[in-house]
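The values are calculated or read from the model by the stated rules, or taken from the named source; none is laboratory data. None of these values were measured; they are calculated from a predicted model. Keep in mind that these areas ignore ligands, DNA and RNA; they rest on the heavy atoms of the full protein, side chains included. Shrake-Rupley method; radii C 1.70, N 1.55, O 1.52, S 1.80 Å.
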Amino acid sequence: MAWSVSNHEVIPDRIEAGTFLVAGALCGRGVTLQRINPEHLTAVTDLLKQAGYQLEARGHSITISPNGQC
């Protein structure tokens, strides 16, 4: 029997990352998530932007800033 080796990459958990973004928004202090793919979070980030939060994606991180309405 021949064995083969394969490599794969597990994507970050977008549901957990979205939960942390919302928590950062609700706490009023903001939060930065690293080692994520911002493109996988558009369902959450689009809604947060509509709610008035500023988000900044850079490479494999995203930062949500407080909106000043708390």
Practice task
Enter the per residue convex hull volume of the stretch 26-70, computed from alpha-carbon coordinates, in Å³ rounded to the nearest integer.
Solution key: 61
Practice task
Enter the accessible area per residue of the stretch 28-70 (Å², integer; probe 1.4 Å; all protein chains in place).
Solution key: 72
Fill in the blank from the handout: A correct Karplus calculation of ³J(HN,Hα) over the stretch 49-66, with 6.51 cos²θ - 1.76 cosθ + 1.60, θ = phi - 60°, whole Hz and x for Gly and Pro, returns 5, 4, 7, x, 8, 9, 10, 10, 9, 9, x, 10, 9, 8, 10, 10, 9, x
Practice task
Enumerate the amide H contacts of GLN54 below 5 Å, restricted to partners 5 or more residues apart or on another chain; note that Pro and chain-start residues carry no placed amide H.
Solution key: SER65
Fill in the blank from the handout: Dividing the mean separation of Cα pairs under 8 Å (6+ apart) by the residue count of the chain yields a relative contact order in percent of 34
Fill in the blank from the handout: In whole percent, the fraction of accessible protein surface over the chain that belongs to carbon or sulfur atoms, probe radius 1.4 Å, stands at 52
